[in-house]
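The values are calculated or read from the model by the stated rules, or taken from the named source; none is laboratory data. Every value quoted in this text rests on a predicted model; they were computed, and no experiment measured them. Don't worry about glycine lacking a Cβ; one is built from the backbone with ideal geometry, like all the others, and counts go over all protein chains shown. The area values use the complete protein model at the heavy-atom level, side chains included, leaving out ligands, DNA and RNA. Shrake-Rupley method; radii C 1.70, N 1.55, O 1.52, S 1.80 Å.
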Amino acid sequence: MDPYELLGVDRDADDAAIKKAYRKLARQYHPDVNPDPVAQEKFKEVSHAYEILSDPQKRAAFDRGGDPFAGGFGAGQGFSFTDIMDAFFGGAGQGGAANGRGPRPRVRRGQDALIRLDIELAEAAFGVTHELKVDTAVVCDTCHGAGAAAGTQPKICETCRGAGEVAHVQRSFLGEIRTLRPCAACRGFGTIIADPCRDCGGDGRVRSRRTLTVKIPAGVDTGTRVQLAEQGEVGPGGGPAGDLYVEINVARHETFTRHGNDLHCTVTIPMTAAALGTTMSLPTLEADLPDADPEDSTFELEIKPGTQSGTEQVLRERGVPGLRGGRGSLVVTIHVETPTRLDSAQEELLRQLAVARDEEQPEGHLRASGKGVFGRFRDAFNGR
Ligand code: ZN
């Protein structure tokens, strides 16, 4: 932690030599030039070494005390411990007077992006691959994110000497109060792009529309967000992209409604089929898929003789696959339709049936929740 050693200069080096040594190192380690975290640490160290050696008072104090970590610095030498910590670590010391963090990096991670995608129920249930048009920031092709015009480099800011912040010293009756503020000349970056790239204006990124192929897993529902890592907005300075979230919106289906992983539908059958029983073959949700297996495209519904309207049949494992495995049920509600517009022959047959069943004058059954003759009257009056 010897500033002379850090800058690679002799103990008796003059100001010009110190400045020259610092500039050479800053060019080598500056975050804009060298994104490696080790280099960034090194940049901080050499910047603080320069801060000490470029200030005659601080340099003299260091020369008197030697290595501050060997105990050479302390109270009574004109510099508080906090000052030394500030000088070395840009405000890491206690006290909170300084807020320095070194130069603000030009290269930063981009923001996440959100896009909505409308899909069909079968696509949500069984998964689908979709082409998606996305409009996000991408790395500028001209400067590859650097922001500087071809053949030029960002220059170290003269005002803050690359530190990105400048010290403001205020005198008060307690002594000097020193605070670090972002450098106004370089907006805290420590470098200035004198000749910005014409295509991105120095931002290192441009907006672009591109087509992405998105794989939507089976079992998603309205509101599910599918995360696509690093497909969001590229960051300032061509920094790593944020993530892209695809929020699913599932369209209504004309036959099936979804409750969790269960599918519900209603099948209407004629009165005669309800009485006599039958077997029906009906299309499944899979039948909507373009490459549906014929075996999965239909399901058999067995109507037992004497089936009542409102009966539910639960077909296990015929619903929507869960995102975490398993599969819901297909719940079929049977609706029995009473025939209307009978011709005379049909009417005659039904009258014969009524006689045979002794149902010419039905009694009806009054029950609390029943749907007998009186139950229907009561519902009609109650508006149900
Ligand atoms: Zn550019």
Might you let me know whether region 169-178 holds any residue that is more than 16 Å from the ligand (Cβ to nearest atom) and surrounded by 15 or more Cβ atoms within 10 Å (Cβ to Cβ)? yes
Here are some residues: G328, G364. Which one is in the same structural domain as V267 (by TED's automatic domain parsing) and open to solvent by less than 50 Å² (accessible area, probe 1.4 Å)? G328
Determine which member of the set D141, D135 is in a strand (DSSP E or B) and open to solvent by 30 Å² or more (accessible area, probe 1.4 Å). D135
N249 vs (1) over 33 Å from the mean Cα position of the chain (by Cα); (2) open to solvent by 60 Å² or more (accessible area, probe 1.4 Å); (3) not charged (D, E, K, R): all pass except (1)
Options V166, V220, V214; residue that is touching a residue at least 24 places away in the same chain (Cβ under 8 Å), crowded, with 16+ Cβ neighbours inside 10 Å and in a strand (DSSP E or B): V214
Consider region 200-218. How many of its residues are farther than 10 Å from A148 by Cα and within 16 Å of the ligand (Cβ to nearest atom)? 4
Subset of region 345-358, residues open to solvent by 100 Å² or more (accessible area, probe 1.4 Å) and either touching a helix residue (DSSP H, G or I) at 6+ places or on another chain (Cβ under 7 Å) or not aliphatic (A, V, I, L, M) (or both), comes to R351, Q352, R357, D358
How many residues of region 144-163 are in a loop (DSSP other than H, G, I, E, B) and either open to solvent by less than 20 Å² (accessible area, probe 1.4 Å) or within 16 Å of the ligand (Cβ to nearest atom) (or both)? The answer is 13
